[in-house]
Structure formats: structure tokens, C-alpha cells
Amino acid sequence: MTCPPLKITFLGTGTSSGVPMIACNCGVCTSKDPKDNRLRSSILVESAATSIVVDTTPDFRFQMLRENITKLDAVLFTHPHKDHIAGLDDIRAFNYFQEMPMDVYANDITQSALKREFPYIFAEHRYPGIPDINVKDIPAETFMIGDIPVTPILVWHLKMPVLGFRFGSFTYITDANMIEESEKKKIIGSEVMVLNALRHKKHISHFTLSEAVALVQALQVPCGYFTHISHQLGLHGEVNKALPVGIELAFDRQVILT
Ligand SMILES: [Zn+2]
Ligand SMILES: [Zn+2]
Ligand SMILES: [Zn+2]
């Protein structure tokens, strides 16, 4: 399936606590460099006709306001952790102005979490003005959202299945620490790949910086960007400078054109 030209915007590039972290006085959390300010991880994927957000973070409202997003066609969820779903309630602004339900694509465990964490959205007797969503299963193979082809990629976050997504030559994977060989094949041929890189020290459910570098190189993707970053990774300017050619730390509001 051919993919139209896309504009990708990093809405947030921080781990679950965001950077700065509440009550932290470390050098990263007190840095004056705007690139050391990271909202929770999410991207906006836009063609001329279609706009998709991947995850609705606790910062979703501010992310939509900051980028002046006035139209949204769908939400794609990666997994049910709170830092990826907490902002769903604010989808109602789009319901109000677009006068229609929002298409929300989620795997089984994320759908269960949405029902558990936002029970009022699914209530029989609906309070006026609450979010109106049209929950959709995510097919195993490539499917279309508007004019954008979406290929789901199954990755592992310790024992939790998480979905990465490939849109044409652009692949977005967050909250993973293992990808099976069969799923890696779906990434090969991407021009750009986003991967989570939490920190330097080993973590049970996230790639470290060196694991993320090794994976981008092993898959021979020419451009790698890292997201879901902790304050423990260090200053953006210093860490970024030391990365191999073609690999960089993403930062909030960064735009990639494909
Ligand atoms: Zn996360
Ligand atoms: Zn800190
Ligand atoms: Zn997670």
C-alpha cells in the first residue's frame, strides 16, 4: 500500500514521570535547555488528509493545545499503561467540534483497561458531554486509517504485549525491551525508526540507550530517534552529541517529514 507524505510531530518524549520529575533537583530536571523538558511520550502522524495520535498521555490536552491541533481522525493505542491512556477524557473537545465519535484503535488488553479506567464512557446512561468513542480492534495485518496505511508490530514490555506501528517508511516503537525476529522483519526497510531508550542502567521492561543503539544498527535503519526518556539518561545536549551518526535523541515538538 502506498503511503502519502507524512509529517510526524513528537508530542512528548519523556518516560512515565515526565522530565522534569516532580520534586527532583537533579541537573537534568533543573536544566534550562528546553530539550530537557519532556512531556509523556506520544506522536502525531499527519498526511494532508488524515491526522492520527499515537497514545493519549496525561499531557494530551496540553499537547493538543501546544501544537494547535484542530482536527483529529483517530487514536491508536500502544498499550494500557497509564502514561499512554490517561488523557483520553479530553478527546471530548474533538467530539464537540467534529460532531462525531472518535475512532479509537486498541488491542484486547488496552480495551479492557479503557473499560476499567473510564467506566463512565461505556455506561448505558451517558452523562452529557462525556467522551464519545468508537472502539476498534487492531487487525494483525496492515490496515488503513484514512489514507495512511498502518502496520502493527508486536513487541514485548517485559510480559506485556505492546504494539508498535509502521506508517510507510516510518516506524514508531515505545515501551519495549524485546522484539521477536518475525516482528523485526516488519521494521526492515524503514527509513526512520523511533525506539524507546529509558536510561543507561538495565531496566526490566525498557531498552537502555546502548540496547536501542544496537537495535537500530542491527536492523540497518538509516535514521533512529529515541523517546520515552528518563531524567536518569542525562542532559539532552551531552547524550545526543555522543551518539553514532544517524541516531539522535528525540525532543518535544521535533518534526520529521517522510
Ligand atoms: Zn510508558
Ligand atoms: Zn531529575
Ligand atoms: Zn509502559
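The values are calculated or read from the model by the stated rules, or taken from the named source; none is laboratory data. For clarity, every value in this text was computed on a predicted model and none was experimentally measured. Using ideal geometry, Cβ is built from the backbone for each residue, glycine included, and neighbour counts are taken over all protein chains shown. Note: areas computed on protein heavy atoms with side chains; ligands, DNA, RNA excluded. Shrake-Rupley method; radii C 1.70, N 1.55, O 1.52, S 1.80 Å.
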Since Glu117 meets every condition but one in (1) touching a helix residue (DSSP H, G or I) at 6+ places or on another chain (Cβ under 9 Å); (2) within 30 Å of Cys223 (Cβ to Cβ), which condition does it not meet? (2)
Evaluate the following for Val192: is it in contact with a Cys (Cβ under 6 Å, 6 or more places away or on another chain) and on the phi < 0 side of the Ramachandran plot? yes
Identify, by number, the condition in (1) within 24 Å of Ile148 (Cα to Cα); (2) not in a strand (DSSP E or B) that Val45 doesn't meet. (2)
When you scan the stretch 137-155, do you find a residue that is surrounded by 13 or more Cβ atoms within 10 Å (Cβ to Cβ), at pLDDT 95 or above and within 16 Å of ligand 1 (Cβ to nearest atom), even just one? yes
When residues of the stretch 42-74 are filtered for being within 16 Å of ligand 1 (Cβ to nearest atom) and out of contact with any Leu (no Cβ under 7 Å at 6 or more places or on another chain), how many remain? 3
Would you be able to tell me the number of residues in the stretch 1-17 that are within 16 Å of ligand 2 (Cβ to nearest atom) and surrounded by 23 or more Cβ atoms within 10 Å (Cβ to Cβ)? 3
Taking into account only those residues within the stretch 135-159 that are within 16 Å of ligand 3 (Cβ to nearest atom) and more than 16 Å from the chain's Cα centre (by Cα), which is farthest from Met193 (Cα to Cα)? Lys159
Restricting the stretch 28-40 to residues that are over 19 Å from Phe226 (Cα atoms) and open to solvent by 50 Å² or more (accessible area, probe 1.4 Å), the residue that is farthest from ligand 3 (Cβ to nearest atom): Lys32
Checking the conditions here, which among Glu211, Glu248 is among the acidic types (Asp, Glu) and in a strand (DSSP E or B)? Glu248
Just give me the residues in the stretch 166-177 being open to solvent by 10 Å² or more (accessible area, probe 1.4 Å) and over 13 Å from Leu215 (Cα atoms), in sequence order. Arg166, Gly168, Ser169
How many residues does the stretch 92-127 contain that are open to solvent by less than 70 Å² (accessible area, probe 1.4 Å) and outside any helix (DSSP H, G or I)? 9
Failed condition for Glu180, given (1) of a type in the set (Asp, Glu); (2) touching a Leu at 6+ places or on another chain (Cβ under 6 Å); (3) exposed (fewer than 14 other Cβ atoms within 10 Å of the Cβ): (2)
Filtering the stretch 18-27 down to residues that are under 25 Å from the mean Cα position of the chain (by Cα) and within 10 Å of ligand 2 (Cβ to nearest atom), which residue is surrounded by the fewest Cβ atoms within 10 Å (Cβ to Cβ)? Ile22
Could you tell me whether Met193 is open to solvent by 50 Å² or more (accessible area, probe 1.4 Å) and either of a type in the set (D, E, K, R) or more than 16 Å from ligand 3 (Cβ to nearest atom) (or both)? no
Filter the stretch 52-91 for residues that are in contact (Cβ under 8 Å) with a residue 60 or more places away in the chain and part of a helix (DSSP H, G or I); which is least open to solvent (accessible area, probe 1.4 Å)? His84
Out of the residues in the stretch 214-245 that are within 16 Å of ligand 2 (Cβ to nearest atom) and either among the basic types (Lys, Arg) or part of a loop (DSSP other than H, G, I, E, B) (or both), which is surrounded by the fewest Cβ atoms within 10 Å (Cβ to Cβ)? Leu235
